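K.L.:
Below is a structure I'd like to ask you about.
Derivation of every value follows stated rules applied to the coordinates shown; laboratory data play no part. In this text the structure is predicted, and so the values were computed from the model without any measurement. With ideal geometry, Cβ positions are generated from the backbone for all residues, glycine too; neighbour counts draw on all protein chains shown.
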Amino acid sequence: MSILVNKESKIIVQGITGSEGSFHAGQCLEYAGNVVGGVTPGKGGQTALDGRVPVFNTCVEAREKTGANVSLIFVPPAFAADAIMEAADAGIEVIVCITEGIPVADMVGVYAYLQTTSSRLIGPNCPGLLTPGESKVGIMPGFIAQKGRIGVISKSGTLTYEAVHQLVKVGLGQSTCVGIGGDPIIGTKMVDLLEMFEADPETDAIVMIGEIGGSMEIEAAHYIKAHVRKPVIGFIAGQTAPPGRRMGHAGAIVSGADESAEAKMKIMRECGIHVVDSPAQIGVTVRTALGVQVA
Amino acid sequence: MKIHEYQAKEILKKYGVPIQDGVVIESKSEGKEAVQRVADQFNTSQFVIKAQIHAGGRGKGGGVKFCSDADKAIENIDKILGMQLITHQTTPEGQPVNKVMVAQAIDIAKEYYVAITLDRAVGKNVIMASTEGGVEIEEVAAHSPEKIIKVWVDGTVLHAYQARQLAFGLGFEGELFKQAVKLLTNLYRCYIETDASIAEINPLVVTEQGNLLALDGKFNFDDNAMYRHPEIKEMRDLNEEDPTEVEAGKFNLNYVKLEGNVGCMVNGAGLAMATMDIIKLQGGQPANFLDVGGGANVETVKNGFRIILSDPNVKAVLINIFGGIVRCDRVANGIIQAVSELGLSVPVVVRLEGTNAEIARELLSSSGVDIISAGSLEDAAEKVVSAATR
């Protein structure tokens, strides 16, 4: 098992005819063979990925014709909010939006809209989902991961790869890796994923990688204390980031004491999370945490 | 993106929010005429000279002066214009004052605070208002949070009842109540229509004459939305930004200068911060944050190198790339080219992992460039810190 996506998932790619969209759709198709179509308004009836998948004008049509339940979005920022809502309106269950740079105001609208649907949004501005060996919905390099029993939740892209790489090096595979995105408004938060990983019988431990800014890690820490019995290993990037400075991710800005790495790490420790100071210790700490639990 | 007070006030005025008005000048020679114009236009004989810099704390730093007559106003223009204004939000050297606002002096009866921003936890905009205006709101939030009223807004319109809730909460009555409801409604419309990320009026004052007035205005805007606001984009003042950061931005590099001596170049914001963290844990101090993004190629690597090395404090550089979409062999070619073109003034530690990392390592070792190769993240941090302290 895994969370969110597996080998049964049927993926459509919105923006499949763009350069980013076609490249990554191709990678996802090669990884697990479950990309079933694409959507580009005005290009319905054509094919993409060297004729391997059909292109539709709308998400509704794509869903009807292919039975897709997952959508991967590579639409430019100005049109991405609309693309997310179109996917939700078509009844797509899991929507993964990779697009970086969507105006916050657009996402406020999307967030409110999604509350009225049963769709789940991952991202935006995220690397997407990877259930090793089963399904890749996003831009994570599939070859670095390995099937296994560790759930990974991360705000960051390449730092997720680093964590996955360390896990593989200590002999631990992953059940599902989720990049939730670093924007101020994202569809799925750490708490949502903790709940899913806790319920997943094939996940033994959870790696949670956060950043300075926002309060999501603190909410997650309190949730873990109350509801999560599996070991959680945490890291917060940005211990050296100066207050008030934006560090790349729109969300990675410290505006109050509570949002600093130090404050977050302290609360996470108090809530029973195995917090590592060094990003190089993520893999080995998961091993230790699991060892302790087995013993 | 940030703007100056006078620009914020222009925007507020356009949205029907009453402001303390004035005239903005950039040279001392305009001082006398500006004071006369403010005197005539606003029928006043007293003035406030306000330094226009982005950083807060201008008053405490000596950048805002009340002047009881025109001569004192001209005197203060001479003093403030061109000064290095040091506040708790500027660098220790301070920020040069290139513009001042000559404003009408206002007789204040009471000060309030109002601001709008995004509450990330609930995904909605929140209006915060307080009777404790004119002071640092962080202090109020820390010591008497009950004095801050909050209203969360669904969507793009502030409902009338929500504006009333805030105005009643601030204790307004009669004419002032009506003014407050109108002001709050207009301010919210302004926040939405300009894609602001913060719209703050501190202080919002009630004048001795019994009117509401914005004495100051502060806006931050969502950079991602500026494509639809060319008129706001034009308000950007590059003098207020670090020149190296502006330069980096031209090449789509995300660079933030820090105080240490270990330069770093990383792909991805999270890994870049983590790399800074591990440098610190190994006993070093990062000189910068630099995210080369998802499109790292020969050009970005070269420009990144140039920007890092323009900081004279840098004693060693760590390049840490985890290739996903980014192919390490391309990065390696960038490093080889950058080193051959720019020369190597400091030791460079390179750690490449992920897509095509093997090919990249071979490229680097066969190129003969004098770099220090590293394996794990920890190894890389250790090597660069020891190189920097050597």
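K.L.:
Take residue A:198 and decide whether it is more than 19 Å from residue A:238 (Cα to Cα), part of a helix (DSSP H, G or I), more than 13 Å from every other protein chain (Cβ to nearest Cβ) and among the charged types (D, E, K, R).
P.N.:
Spelling it out, residue A:198 is indeed more than 19 Å from residue A:238 (Cα to Cα), part of a helix (DSSP H, G or I), more than 13 Å from every other protein chain (Cβ to nearest Cβ) and among the charged types (D, E, K, R).
K.L.:
A follow-up question, please. Name, by its number, the condition in (1) within 14 Å of the chain's Cα centre (by Cα); (2) under 20 Å from residue A:159 (Cα atoms) that does not hold for residue A:220.
P.N.:
Of the numbered conditions (1) within 14 Å of the chain's Cα centre (by Cα); (2) under 20 Å from residue A:159 (Cα atoms), the odd one out for residue A:220 is (1).
K.L.:
Counting just the residues of the range A:145-165 that are crowded, with 24+ Cβ neighbours inside 10 Å and in a loop (DSSP other than H, G, I, E, B), which one comes out farthest from the other protein chains (Cβ to nearest Cβ)?
P.N.:
Among those residues, the one meeting the criterion is A:145.
K.L.:
Would you say residue B:308 is under 15 Å from residue B:356 (Cβ atoms) and of a type outside the set (Ser, Thr, Tyr)?
P.N.:
Answer is no for this residue.
K.L.:
Can you name the condition, by its number, that residue A:68 falls short on among (1) free of Cβ contacts under 8 Å to residues at least 40 places away in the same chain; (2) part of a loop (DSSP other than H, G, I, E, B)?
P.N.:
Of everything listed in (1) free of Cβ contacts under 8 Å to residues at least 40 places away in the same chain; (2) part of a loop (DSSP other than H, G, I, E, B), residue A:68 misses just condition (1).
K.L.:
Just one of B:79, B:9, B:50, B:13 is touching an Asp or Glu at 6+ places or on another chain (Cβ under 8 Å), surrounded by fewer than 19 Cβ atoms within 10 Å (Cβ to Cβ) and either in contact (Cβ under 8 Å) with a residue 12 or more places away in the chain or closer than 25 Å to residue B:240 by Cα (or both); which is it?
P.N.:
Result: B:13 is the single residue among B:79, B:9, B:50, B:13 that is touching an Asp or Glu at 6+ places or on another chain (Cβ under 8 Å), surrounded by fewer than 19 Cβ atoms within 10 Å (Cβ to Cβ) and either in contact (Cβ under 8 Å) with a residue 12 or more places away in the chain or closer than 25 Å to residue B:240 by Cα (or both).
K.L.:
Just to be sure I understand the filter: pairs with C-beta atoms under 6 Å, separated by 6 or more residues or on different chains, first member in the range A:89-109 and without any contact (Cβ under 8 Å) to a residue 24 or more places away in the chain, second member surrounded by fewer than 22 Cβ atoms within 10 Å (Cβ to Cβ). Which pairs pass?
P.N.:
Short answer, once both residue conditions are applied: A:105/B:195.
K.L.:
Counting just the residues of the range B:308-331 that are among the small types (Gly, Ala, Ser) and away from chain A (no Cβ under 13 Å), which one comes out farthest from residue A:161 (Cα to Cα)?
P.N.:
By that ranking, first place goes to B:310.
K.L.:
Can you tell which of A:74, A:23, A:79 is more than 30 Å from residue A:204 (Cα to Cα), crowded, with 22+ Cβ neighbours inside 10 Å and either in contact with a His (Cβ under 7 Å, 6 or more places away or on another chain) or without any contact (Cβ under 8 Å) to a residue 12 or more places away in the chain (or both)?
P.N.:
A:74
K.L.:
Condition first: of a type in the set (Lys, Arg) and within 14 Å of another protein chain (Cβ to nearest Cβ). Now tell me which residues in the range A:93-139 satisfy that.
P.N.:
Correct list: A:136 only.
K.L.:
May I ask you to list the residues in the range B:355-390 that are surrounded by fewer than 21 Cβ atoms within 10 Å (Cβ to Cβ) and part of a loop (DSSP other than H, G, I, E, B)?
P.N.:
Those that are surrounded by fewer than 21 Cβ atoms within 10 Å (Cβ to Cβ) and part of a loop (DSSP other than H, G, I, E, B): B:356, B:368, B:369, B:370, B:371, B:375, B:376, B:390.
K.L.:
If you check residue B:103 against the conditions, is it in contact (Cβ under 8 Å) with a residue 24 or more places away in the chain and in a strand (DSSP E or B)?
P.N.:
So residue B:103 passes the test.
K.L.:
Please enumerate the residues belonging to the range B:132-146 that are closer than 22 Å to residue B:60 by Cβ and either surrounded by fewer than 17 Cβ atoms within 10 Å (Cβ to Cβ) or of a type in the set (Gly, Ala, Ser) (or both).
P.N.:
Within the range B:132-146, B:133, B:134, B:135, B:136, B:138, B:139, B:141, B:142, B:143, B:144 meet the criteria.
K.L.:
Take the residues in the range B:106-131 that are in a loop (DSSP other than H, G, I, E, B) and without any contact (Cβ under 8 Å) to a residue 60 or more places away in the chain; name whichever of them is nearest to residue B:149 (Cα to Cα).
P.N.:
B:131
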